[in-house]
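Report on the structure given below.
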Amino acid sequence: MLNSGVTMDEHTVELTDKFVAIYQNLDKQDLSVLQDIYHYDIVFEDPAHRIEGWSQLSHYFTRLFDAVEYCRFDISDHICQGDTAYVQWIMTFKHSKLQSGNERLVHGCSRLKFADGKVIRHRDYFDMGEMIYEGIPVLGSIVRHLKARL
């Protein structure tokens with residue numbers, strides 16, 4: 001139980017709902033809302049990066065959103081237990097250098113750990129082939145062929 005009579009699971013559900021709301025409405029014009037959900041000592045990891053601290057994560061998101069025409073997250077499900085949540089999502093984005101600038105979809109899941117009312121650890125799980133490699137001319141057809149054979 002937390003001091004207010006709210007259980008850890010209930011608190012995690014509230015924090016996860018806030019995370020989901022922010023990500024589903026995330027706009028490259030206003031990334032400052034991310035500061036409302038991330039802890040100062042955040043550790044963020046995905047298949048290509050490990051970032052420590054809010055200032056580094058803020059810089060990462062700025063670079064990421066500057067590089068794309070748009071990026072949005074559709075969150076389909078989430079589950080909470082204790083101070084941890086798992087969030088299932090589809091990221092839709094357009095990048096001029098991938099797949100001739102056409103829209104791309106990436107399916108993924110995030111593991112979130114909360115402390116002090118914010119996300120202190122965020123680990124994304126997704127297929128880098130789906131995100132990047134399949135969108136590169138020539139290499140994309142090879143990756144898709146290899147995946148089909150597996």
Number of the exception - Gln56 against (1) under 13 Å from Phe114 (Cα atoms); (2) not in a strand (DSSP E or B): (1)
Number of positions in the range 69-87 that are of a type in the set (Gly, Ala, Ser) and touching a residue at least 24 places away in the same chain (Cβ under 8 Å): 2
Residue match in the range 38-53 (condition: part of a helix (DSSP H, G or I) and either on the phi < 0 side of the Ramachandran plot or surrounded by 15 or more Cβ atoms within 10 Å (Cβ to Cβ) (or both)): no
Of all residues making up the range 18-46, the number that are more than 24 Å from Asp83 (Cβ to Cβ) and either in contact (Cβ under 8 Å) with a residue 24 or more places away in the chain or touching a helix residue (DSSP H, G or I) at 6+ places or on another chain (Cβ under 6 Å) (or both): 2
Some residue of the range 8-31 being at pLDDT below 95, small (Gly, Ala, Ser) and surrounded by fewer than 18 Cβ atoms within 10 Å (Cβ to Cβ): no
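The values are calculated or read from the model by the stated rules, or taken from the named source; none is laboratory data. On a predicted model such as this, the values are computed, not experimentally measured, just so you know. We place every Cβ from the backbone using ideal geometry, glycine too, and count neighbours over all the protein chains shown.
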